[in-house]
Each structure stands twice: as C-alpha cells, then as structure tokens.
1. For residue 253 and residue 366, FRET efficiency with R0 = 25 Å and r from the beta-carbon atoms, rounded to 0.05?
2. Net charge near residue 162: determine it from the other residues with C-beta under 10 Å of the C-beta of residue 162, scoring Lys and Arg +1 and Asp and Glu -1.
3. Give the cross-link partners of residue 267 among the aspartates and glutamates, using a straight C-alpha distance below 18 Å as the criterion and excluding same-chain residues fewer than 8 apart.
4. Extension gain residue 133-residue 416, at 0.36 nm per residue separation less the Cα-Cα distance, in nm?
5. Along the charge dipole of region 76-198, Cβ charges K/R +1 and D/E -1, which of 161, 190, 95 sits furthest on the positive end?
6. Which of 388, 108, 303 sits closest to the plus end of the dipole of the chain, meaning its Cα is farthest towards the positive end, when Lys and Arg get +1 and Asp and Glu get -1 on the C-beta?
7. So how much slack lies between residue 107 and residue 203, counting 0.36 nm per residue of separation and subtracting their Cα-Cα distance, in nm?
8. When semi-axes √(5λ) of the Cα gyration tensor in Å is calculated directly from the model, which label among (1) 38, 27, 20; (2) 34, 25, 22; (3) 83, 24, 17 fits?
Amino acid sequence: MTRLPSAGTRPRQAEVAAAMRAIVPDGVIADEAGLSPYGSDGLTMYRQSPLAVVLPRTTAQVSAVLAWCHTNGVPVVARGAGTSLSGGALPVADGIVLGMARFNRILAVDYDNRVAVVQPGVTNVAVSQAVAAQGFYYAPDPSSQIACSIGGNVAENAGGVHCLKYGTTSPNLLGVELVLIDGTVLRLGGPGLEQPGYDLLGLVCGSEGLLGVVTEATVRILPRPATQRALLLGFPTVAQASECVAAIISAGIIPAGLEMMDAPAIKAAEDFVKAGYPTDVGALMIAEADGSPAEVTDQIARIAEIAQDNGCTTLRESADEAQRLLFWAGRKAAFPAVGRITSDYYCVDGTIPRRQLAAVLTDISAIAERHGLSVANVFHAGDGNLHPLIMYDASRPGQTEAAEAAGAEILKACVDAGGVLTGEHGVGVEKRDLMEHQFTATDLAVQTRLKEAFDERGLLNPGKVFPSLSRCAESNAMHVHGGRLPFAELPRF
C-alpha cells in the first residue's frame, strides 16, 4: 500500500476544522483515528489523510461548506460509501472530505410516473427494496449494490450485471439537485420525459465529482418483469464463449444479463458460494431473459441453440427463482471469492468490442505472466466490460508495483483493441495518467475547459481524471494563478 506524502504539521487543520464545525456542529472529524477510515476508497493501493471529514445533513450545509472552501481555497473531495475502485474518493492532504452518508432518505416515490426521489447516501439496493412491494425496482445493479450509494453511482455512471438491456446509471437518472463549488444550488433535469436546454445532466452523470456535489437524485423505477429465467452455460474455452456472446447479439437478442467468468474465477466463486457452477470448463456464461412468459421461453430456447452451436458443453436452466438468484450469487460474489484465495487483488476495469474478447483475454494472461502474477477474469460480456482481478501479495517487495504495471498494460491493450479505459469504475487516480493513451491533447484540452467552467480554481476532487490537472503530492499546495488553474504547469503525483 502506498501512503501519499503528508503535509507535515498541516497548519491549516485547526482553522479548517473550526470553520467546518461552525457550519456542521455535530459532523466534523479531525482526529487521526477518526480520519483513518476515510484515507482510501476501494482502490486500497493508495492512502492519504485529509485535513478533516465533514458530514452534513442538509443541502444548506453542503452549500455553506463549499462556499467557504471556495473562498478560502480549500480542496473538497465528495465521498459516498467509499466503494469506488479507481481512487475516485481518495482525499488530498490539504483538503476536506465531504461525506454524504447522512443523506440517506428516500424522499418520494411516484408510481404513476415511475420515478423515485432519493438522497445520495441511499444505497443502490435500498431503492429496489423500497418499491418492491408495489412490484417495481431500480435497474442498475452493481455487484456492490448492498453498499454503494446512489450519489457514487451518479458520479461514476455505475452499471451492473443487467446494464446490457437496461443501461448504466445515465439512462435511469432523470434529474439531480447539484451544489457548485461556490455554494450555488441548481436543479438539472426532472421527472418529465424531456427537458429543455443543454443536457447538463448528461455531463454531470459520470463526472466523478469534478463538477459539483449531488444532494438529491430523481431516478427511474421499472415494473418488475413478469418472468425471469437464467441459463448457466459452460464452454471448453474462452474463445468459444466469446464467439457465443457475439452470435447472441448478432441474432438480435438483447438478454437482460450476459456475464462471463474464466476458469480461476469459476473455481473461486463455486468454492465460496456453491452455486452449482461446473469447474471443468474454461469459461462460464450466465445468460438471463426477462419479460412475458412467451418472450422469455423464446429467448431462452434461441440462446441455448446458439450456445450449442458454439461448443457449449454444460447447459442448465434455472428451475425456479431461488436457483436463478443462486446462479447470480456466484457471479456477484466473484470479487470476495477471489479475495479468499489471494492476499491482495487489483481489479482492473476496461471495455473492448465484443469480438475482441478472446484476443484481449489472451493478452491479459500474457501480461500477468510476464509480471509474475496470476489473474482471474470476470466480465460483463454483453457490453465488453472486463474486470481482470490481478492477484498479488502486497507484503512482498515489488509485487504492488508489478500489479500496477500489469494493470496499466491491460488498460492500454483495451484501448489498442478499439475499447476505452473504463466501463463503470471511472478514471479517478488509477487511470488518470493513461488518459493520454486514449485522448489527444485537443480532446483533453476541451474536457478541461468544461471542468474549468464549473470549477475555475480546481478545488473539486483535484488530482483525478485529467493528467494536466494532477496535483503534486509532495508540496500538497493548491496552485492558483489569477483564479485559474495553470493546467500545463501542475506536476503529477
């Protein structure tokens, strides 16, 4: 684990903590022990302690905190549940963490218009639980849905195992209340089907906390499908399973979910969950169909036929709802399952064209082997979103660095195959210095101009996403020239 350099005595800590207590009297943490849990997010390779953690309860408090930080040049990192896997919620030594965990209420549900209004600290799964009795649910379902928050989902445009058919957060987000760095509160979008003006909501969703702080979200809820059935499909090789994925989509079938795991991930998940996965196959696919009974029966039959045409050796259909959920339980527990067989693992997130699955997975195995590491692969096969889990031992000198290097090579391989650096985990710190591998200098300049329009001093989540906006961890100073960021001058970590 890498601990970023601290700011020594951090002389501003007492001043900042006192100012924050004047705004949020019962919600400021500034002692070393209290700050420790906020020192990293799910990407635990890096740690950094902030000056203080502030836990507001109201939009007015968020507005006042941001306005004070804007006036006084104090950076702000907004944090939801801390489940980000890209270092997106990593603090900075001369800034505060704005924790949104107290914003945990579902404010309203409108079943007629199929929307729910929720605070950003509400967990993903809590939305579905709140509307389940009326036969509704919230479609985006990250594997971390029991813990991750809606605010974090908006920041990263999170997806899940059913995003192939129902989309990531973006198409399921209708509106937000957003607080800008100067304390301005505005609303973007709303419950209506169409909104006039620029699509600023689309800009905010997936902006990784660089543009503002979400204090309320209006999300789409859907009627639960009448029927859901899943197929468990085993293939001798990843190449055959990959060809099956492409064939299913080419046939015009859009399954509700289409997930894959390779042999190491299959064995780890089966040992952990006992989901009934075959452990003698090279690749396992879970394909789910939902809708009317007739529609599901037709899709299941067509998918099974395509799978058999592509060399499927194991074909099992869920007999009931309990078995369908068990099939998914193994996949959703893949990350902790791999955690049982290795001291540490590094989860990479890249997306490639579906036809490139087999070739890129071969590249991933070669990259891991070259660095003396092992890898287990789980991925959203339907949209080509890969999650290689690079296994290493942080207690062994050089292995953390080897895992980082292997991850960077994997992400470059994804881009070189026609893909992108991230599917749902975001850029954060992890992929920031790889952005130049995907984007030209002009691309990045235009994107940073957008950032500057919302946050001219670069105080919101600094050091994330843009290599030209990265901060110097050694000086831990916010460099502001005339109220504008000297983009070309700021050094990197």
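1. Details: r = 32 Å, r/R0 = 1.29.
FRET efficiency, residue 366 to residue 253: 0.20.
2. Working: positive: 165; negative: 141, 259, 288, 290.
Taking every other residue near residue 162 into account, the sum is -3.
3. Candidates past the 8-residue exclusion: 259, 280, 344.
4. 97.2 nm
5. Working it through, the farthest residue towards the positive pole turns out to be 161.
6. Of the options given, the answer is 108.
7. Length gained, residue 107 through residue 203: 32.1 nm.
8. (1)
The values are calculated or read from the model by the stated rules, or taken from the named source; none is laboratory data. Keep in mind it's a predicted model, so treat the numbers as computed, not measured. We place every Cβ from the backbone using ideal geometry, glycine too, and count neighbours over all the protein chains shown. Heads up: the accessible areas ignore ligands, DNA and RNA and are worked out on the full protein's heavy atoms, side chains in. Shrake-Rupley method; radii C 1.70, N 1.55, O 1.52, S 1.80 Å.
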